[in-house]
Amino acid sequence: MLLSRITLHTSNLGRTLDFYENTLGLTLAECPSERLTFTVGRSRLVFLPSRRGRAPFYHLAFSVAHHQFEAAVAWLEQRTAILPFCGDHRIAEFPTWEARAVYFHDPDGNILELIARQALPAAPTPRFVRTPIVGLSEIGLVADDVALACQALHEHYGVPYFARGPYLRDFAAMGDDEGLFIVCQTGRGWWPTLRPAERHPLEVAIEREGVASRFQLA
């Protein structure tokens, strides 16, 4: 499942532009006065200004090639602080998902992640110059009822339950190794900081088996 376009809100377009373009090395595709659009592999990441007084908080993960993970971590730590995951350990190991990840913040305090998945095809990837990020991997969807939200994603948009799990009362993964919805109950802590999940406006466009879909969360 390709996360072809994710639209989030930010409290400061200027700081967001500087971080995503200069710190993460993403290519700015469009920059009108009230919108930022970055190219992320085959996808687009869009930021809109939040309503005055609102400070949106999201979880977003970027894909890096699994054979470049160590180099990507070294690249990231030269640009921003990597959050501890468990004790002094910064790298999160997800053996069931066959993945490794590191976490960090953007200027809005969003919990961002670089994740490398061994299950993805090991296509030849040139040595990165500007950024190791090759795509959008995950977006957190916050819901009051995780089971109902997952059922709606499955029935209305054909999104499968992730074969590698988990499917818990307050946390579940939907999609596949290419793109995932991480469905989290409102108030449940996001790893690794355990800051409670909050619902904020976002829009997601996906492509799966040649079918495009789009939906908004208020």
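The values are calculated or read from the model by the stated rules, or taken from the named source; none is laboratory data. None of these values were measured; they are calculated from a predicted model. Cβ placement follows ideal geometry from the backbone for every residue including glycine, while neighbour counts extend to all protein chains displayed. Ligands, DNA and RNA are excluded from the accessible area calculation, which covers all protein heavy atoms including side chains. Shrake-Rupley method; radii C 1.70, N 1.55, O 1.52, S 1.80 Å.
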TODO: Any residue in region 145-162 that's touching a residue at least 40 places away in the same chain (Cβ under 8 Å) and among the β-branched types (Val, Ile, Thr): show its pairings with residues that are open to solvent by less than 40 Å² (accessible area, probe 1.4 Å) and in a strand (DSSP E or B) at Cβ separation under 8 Å, as long as the two are six or more apart or on different chains.
DONE: VAL159/MET174; VAL159/GLY175; VAL159/PHE181; VAL159/ILE206
- [ ] Search region 169-193 for residues that are closer than 15 Å to ALA149 by Cα and surrounded by fewer than 19 Cβ atoms within 10 Å (Cβ to Cβ) and pair each with any residue that is β-branched (Val, Ile, Thr) and modelled with pLDDT under 95 when their beta-carbon atoms are under 6 Å apart and the residues are at least 6 apart or on different chains.
- [x] none
Open item on the list: For region 141-152, check the following and say yes or no: at least one residue is open to solvent by 30 Å² or more (accessible area, probe 1.4 Å), farther than 21 Å from SER11 by Cβ, at pLDDT 95 or above and small (Gly, Ala, Ser).
Closed with: yes
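Can you name every residue in region 194-218 that is among the small types (Gly, Ala, Ser) and either closer than 17 Å to ASP106 by Cβ or in contact (Cβ under 8 Å) with a residue 12 or more places away in the chain (or both)?
Initially, region 194-218 is screened for residues among the small types (Gly, Ala, Ser), giving 197, 205, 210, 212-213, 218.
Across region 194-218, the qualifying residues are ALA197, ALA205, ALA212, SER213, ALA218.
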Open item on the list: Can you report the number of residues in region 59-96 which are at pLDDT below 95 and of a type in the set (Ser, Thr, Tyr)?
Closed with: 0
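Let's see how each residue does on (1) buried (at least 20 other Cβ atoms within 10 Å of the Cβ); (2) within 27 Å of ARG199 (Cβ to Cβ):
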{"residue": "MET1", "(1), (2)": "yes, yes"}
{"residue": "LEU13", "(1), (2)": "no, yes"}
{"residue": "ALA29", "(1), (2)": "no, no"}
{"residue": "ARG35", "(1), (2)": "no, yes"}
{"residue": "LEU48", "(1), (2)": "no, yes"}
{"residue": "TYR58", "(1), (2)": "yes, yes"}
{"residue": "GLU70", "(1), (2)": "no, no"}
Task: Matching entry among GLY187, GLY179, GLY175, GLY210 (being farther than 24 Å from GLU77 by Cα and in contact with a Ser or Thr (Cβ under 8 Å, 6 or more places away or on another chain)) - done: GLY179
Open item on the list: Report every pair of residues separated by at least 6 positions or lying on different chains whose Cβ atoms are under 7 Å apart, first residue within region 113-127 and within 19 Å of PHE181 (Cβ to Cβ), second at pLDDT 90 or above and among the hydroxyl-bearing types (Ser, Thr, Tyr).
Closed with: GLU113/TYR103; ILE115/SER63; ILE115/SER137
